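What follows is a short report on a single structure.
The values are calculated or read from the model by the stated rules, or taken from the named source; none is laboratory data. This is a predicted model, so every value here is computed, not measured. Glycine also receives a Cβ, built like all others from the backbone with ideal geometry; neighbour counts cover every protein chain displayed. When the accessible area is computed, the model is the full protein with side chains, heavy atoms only, and any ligands, DNA or RNA have been set aside. Shrake-Rupley method; radii C 1.70, N 1.55, O 1.52, S 1.80 Å.
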Amino acid sequence: QVQLVESGGGLVQPGGSLRLSCAASGSIFSVNAMDWYRQAPGKQRELVAHITSVGTTNYTDSVKGRFTISRDNAKNTVYLQMNSLKPEDTAVYYCNAQISSYYRNGVYDYWGQGTRVTVSS
């Protein structure tokens, strides 16, 4: 089995920073792209940041210049450094990874359980 476990959410004031982490574990053969999504109350889940296995990144326009996605391939972990946070960044943040494992053929999407980020004074 494969699991993604997120950490790092919490309550922060506007202008503050948080760093989210998401570690993949289990019978992993390889991890391809890794992503961070978020879902605000009453809204659809949206892609926030994407990183390929070789480190190419993409961001949604609303977070460009404020958020940075990175990964540690040796630890099968993806990070999201969030700076200059705004109230509109409040959401549950989910990590997603495309993983091939030893226990079944093919590449599959796996999701973390979500971590809540609240930006409020």
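In terms of overall dimensions, the chain has a Cα radius of gyration and Dmax of 14.2, 48 angstrom. Entry comment: accessible area of the stretch 52-121 is 53 Å² per residue, from protein heavy atoms only and a probe of 1.4 Å.
Evaluate the charge dipole of the chain about its Cα centre and quote only its size in Debye, nearest 20, assuming +1 on the Cβ of each Lys and Arg and -1 on the Cβ of each Asp and Glu. Before the final figure, lay out the partial values.
Numbers: 11 positive and 8 negative charges, 19 e Å.
Value, rounded to 20: 100 debye.
Solvent-accessible area of the chain (1.4 angstrom probe, protein heavy atoms only): carbon and sulfur portion equals 46 percent.
Listed peptides 19-30, 93-104 appear in the order 93-104, 19-30 once ranked by packing, highest mean of other Cβ atoms within 10 Å at the front.
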